[in-house]
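Note sheet for the following structure.
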Amino acid sequence: MKLKMQLRRTTLLVLTAVGMNVLVSSAFNLLQAQQIVQLQSPDKSIALNVLLSATGEILYGLKKSGMSVIETSTLGVMMKGHNFSKRMKLVALSKIEQITESYQTKNAKKSSIRYHANQLIASFANEDGKRMDIIFRLSRDGAAFRYFFPWVNQEEQVIEQEVTSFRFNKKARAWLQPMSHAKQGWNQTFPSYEEHYSQDISVGTMAPFRSGWVLPALFKTNGVWALITEAAVDEHYCASRLLNDSLSSVYRIGMPDAREVFTGGGYLPANNKPWYTPWRIIAVGSLKTISESTIGTDLAPASGLKETSFVKPGKASWSWINSKDDNITFKEQKKYIDYASDMNWQYCLIDVNWDTQIGYDSIKILSDYATQKNVGLILWYNSAGDWNTVTYHPKDKLLTHEGRAKEFSRLASMGIKGIKVDFFGGDGQSMIKHYIDILNDAAKYRLLVNFHGATLPRGWQRTYPHLVTAEAVYGMEMVTFSQAAADKQASHCTMLPFTRNAFDPMDFTPMNLTGLTASKSIRKTTPAFELALSVLFLSGIQHYAQSPEGMVKVTSDVKDFLRTIPDNWDDVKFIDGYPGKFVVIARRGGDRWYVAGINGDLIEKKISADLTAFKRNKATLLTDGVKGEAFSKTILNAEEQKKWEITLKGNSGFVMVLE
């Protein structure tokens with residue numbers, strides 16, 4: 001009776017068991033399931049159904065505008081000694097709660113974000129009477145859910161497996177990045193989210209390295225796009241991936257390799273306090289929905305930092321990608337400081353082995369010199385303990401709280417603005433704690449943080465706003481090492497706004513306008529393609545690959561563009577695109593709109609847009625030049641361009657400024 005009264009008090013559509021038995025696939029080893037409840041998004045375009053099988057398995061399904069996106073799939077976890085995947089009983093359903101939050105950010109698609117969602121909490125108990133709450137949220141751009149275990153207290157509990165799954169129609173297509181094997185690759189530095197995407201593949205295709213697929217993971221089913229990711233991964237949890245069986249359209253949450261750990265630490269989630277797991281997020285809709293969605297940060301915890309005035313986005317010069325290890329010298333870095341100053345860029349990154357090739361005392365001299373030029377220095381560190389064999393240094397200075405406090409105090413006294421920390425050991429719980437420990441200690445000394453050879457941030461940039469960027473991408477560095485990578489760059493770059501860079505800052509280190517001096521490959525993209533990446537890719541600090549010697553060859557129009565491009569964005573509009581083929585996105589900074597597009601194919605594409613929709617007068621177009629010129633500049637009357645068109649040649653691009 002109590003349960004019936006609770007159900008009546010909700011505004012949910014509660015369905016009785018009569019006539020509502022749903023046949024469930026034999027993959028679940030279930031016969032029938034009863035629908036418990038349906039939750040809708042505020043605009044009623046998304047519907048989530050929660051079911052309970054005859055054997056006590058919790059199920060869900062997701063629809064967008066009546067079309068099935070996630071077919072009947074499983075929910076639950078298996079703890080050591082506690083099974084929350086079978087023989088579960090419904091205990092209670094909450095009322096629908098409207099969640100409304102507003103927040104500001106300088107490191108996302110928009111500077112001012114408002115999140116509105118409907119929330120439902122379904123409480124279940126296992127055979128032992130232990131409770132598991134599932135918190136469901138639906139917003140206009142997607143669905144999310146997480147687990148809560150209120151009874152965990154003092155005695156540590158370990159989650160050995162999530163049975164969370166995502167079942168797609170067998171005709172669905174996928175755009176996925178393979179997870180690499182742990183402890184493989186150069187100096188045993190895998191995994192670091194640095195693989196090319198498998199594009200437009202059948203669901204059920206096995207990952208090439210048999211280690212699963214990284215998040216975010218993009219699917220198209222029944223004409224609807226779905227992007228799966230996670231947020232609110234804290235020091236108690238590991239980072240997750242997707243696993244699937246051959247020919248199966250079911251993807252499930254997977255745990256890391258047992259070797260992906262901080263020395264002596266664990267890889268599985270563990271906690272001894274009331275326990276919220278990370279949010280499982282499914283952005284749902286059109287490519288426009290996904291490109292403009294902020295759901296990946298909406299579900300991340302708000303920042304607890306009281307002092308954030310030191311968090312200043314911007315752009316940086318960076319010598320390493322052009323002149324590599326041997327030129328991390330005083331003279332070379334001074335040149336790049338001057339370069340940053342001339343370009344009105346706020347930072348200069350000094351990379352590996354600076355502690356011996358330049359030295360702390362000379363770094364202090366460079367820092368003082370940079371300060372006079374209104375440039376801040378960022379210094380590179382090796383995160384590694386014994387989880388790989390990389391010998392670059394400084395090394396082993398960030399492994400303990402005491403070591404970090406000593407080093408960060410020294411950096412703060414030298415006027416250093418940030419750190420780039422490289423070569424992490426994977427996604428295990430203890431390694432995730434290492435990331436967060438670095439972030440917590442860096443904040444105390446007002447240091448910005450850039451993670452490289454690292455995991456996906458998963459919304460951390462909202463919780464820790466001084467995390468300005470992270471690599472976790474097959475970036476420009478890899479293009480310099482391999483002609484095969486250079487050959488794939490154009491298509492690869494068109495994947496990233498829909499996947500890796502959809503929610504989290506990405507240190508691709510873009511913009512090879514005139515060729516990279518130390519590159520082993522020949523660039524296959526055009527200068528305008530490279531320039532467009534400065535707008536398309538999101539990063540709290542954008543580290544540009546262009547060298548000062550090459551910038552001398554660039555026209556004044558392009559230099560002025562790069563001197564005045566905003567340091568962060570206020571708004572976004574998706575114009576057109578398709579993963580792996582092409583993408584056109586508009587971003588607003590202040591009163592100006594910046595439209596950028598790239599063609600990832602060798603086949604020409606016609607792009608069109610209504611410029612009057614931006615309500616600006618003047619449009620300045622920069623695209624590939626003719627008759628040997630790298631760039632061409634055109635001034636348009638934006639008030640009259642009801643239908644503006646441009647033909648993009650293969651691997652080409654453009655930028656347009658509307659003001």
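Taken together, the values in this text are just the output of simple stated rules run on the coordinates, not laboratory data. This structure is a prediction, so every number in the text was calculated from the model and none was measured. All Cβ positions, glycine included, derive from the backbone under ideal geometry; neighbour counts span all protein chains shown.
The residues neighbouring Thr480, those whose beta-carbon lies less than 10 Å from its own, together hold a net charge of +2 under the Lys/Arg +1, Asp/Glu -1 convention. Principal semi-axes of the equivalent ellipsoid, √(5λ) from the alpha carbon gyration tensor of segment 206-257, are 21, 16, 8 Å from largest down.
Residues Ile121, Ile363 in ascending order of nearby Cβ atoms (within 10 Å, fewest first): Ile121, Ile363. A convex hull fitted to the Cα coordinates of segment 477-659 yields 110 cubic angstrom per residue. Cα centroid separation, segment 43-96 to segment 342-367: 53 Å. Cα centroids of segment 617-659 and segment 399-446: 43 Å apart.
Along its three principal directions, the equivalent ellipsoid of segment 2-298 from the Cα gyration tensor extends over semi-axes of 29, 23, 21 Å, largest first. Helix 330-342 versus the longest principal axis of the chain: what is the Cα-based angle in degrees, 0 to 90, to the nearest 10? Tilt of helix 330-342: around 80 degrees.
3J(HN,Hα) couplings calculated from phi for segment 98-104 with the Karplus curve 6.51 cos²θ - 1.76 cosθ + 1.60 (θ = phi - 60°) are, in sequence order, 8, 9, 10, 9, 10, 8, 10 Hz; Gly and Pro show x.
When Rg and Dmax are taken over the Cα atoms of segment 124-227, they come to 17.9, 49 Å.
Its convex hull of Cα atoms gives segment 322-465 a direction-averaged projected area, equal to a quarter of the hull surface, of 8.7 nm².
Once C-alpha pairs closer than 8 Å and six or more residues apart are averaged by separation and normalised to the residue number of segment 2-298, the relative contact order reads 16 percent. Taking all C-alpha pairs of segment 432-564, those more than 27 Å from each other amount to 25 percent. Computed over neighbours whose Cβ is under 9 Å from that of Trp320, the net charge equals -2, Lys and Arg +1, Asp and Glu -1. Taking square-rooted eigenvalues a ≥ b ≥ c of the alpha carbon gyration tensor, is segment 384-502 rounded, prolate or oblate, where a/c under 1.5 means rounded and, failing that, a/b exceeding b/c means prolate? Because a/c hits 1.5 or more and a/b exceeds b/c, segment 384-502 counts as prolate. The calculated FRET efficiency for the pair Lys559 and Glu629, based on their C-beta separation and a Förster distance of 25 Å, comes to about 0.95.
Could you list log10 I(q)/I(0) for segment 571-645 at q = 0.12, 0.23, 0.27 Å⁻¹, which the Debye formula gives when each Cα is one point scatterer? The calculated log intensity ratios at q = 0.12, 0.23, 0.27 Å⁻¹ are -0.36, -1.22, -1.38.
The mean of 1/r over all pairs of different alpha-carbon atoms in segment 263-352, once inverted, gives a Kirkwood hydrodynamic radius of 18.3 Å.
In terms of overall dimensions, segment 458-521 has a Cα radius of gyration and Dmax of 13.3, 39 angstrom.
Taking the number of Cβ atoms within 10 Å of each Cβ as an exposure proxy, the fewest-first ranking of Ile585, Ile134, Ile598, Ile522 is Ile522, Ile134, Ile585, Ile598. Rounded to two decimals, the Cα radius of gyration of segment 170-269 over 2.2 N^0.38 Å is 1.12.
The long axis of helix 527-536 is offset from the longest Cα principal axis of the chain by roughly 50 degrees. Based on C-alpha pairs under 8 angstrom that are at least 6 apart in sequence, the chain has a relative contact order of 11 percent. About the centre of its Cα atoms, segment 477-659 shows a dipole size close to 300 debye [charges on the beta carbon of Lys, Arg (+1) and Asp, Glu (-1) only; nearest 20 debye]. Note down the relative contact order for segment 477-659 as a percent, whole number, built from C-alpha pairs under 8 angstrom at least six residues apart. 24 percent. In summary, the convex hull built on the alpha carbon positions of the chain has an orientation-averaged projected area of 28.6 nm². Summing charges over all other residues whose Cβ lies under 12 Å from the Cβ of Ile121, with Lys and Arg as +1 and Asp and Glu as -1, gives +2. Each of Leu48, Thr263, His196 was scored by the projection of its Cα onto the charge dipole of segment 2-298, and the greatest displacement toward the positive side belongs to Leu48; charges sit on the C-beta of Lys, Arg, Asp and Glu.
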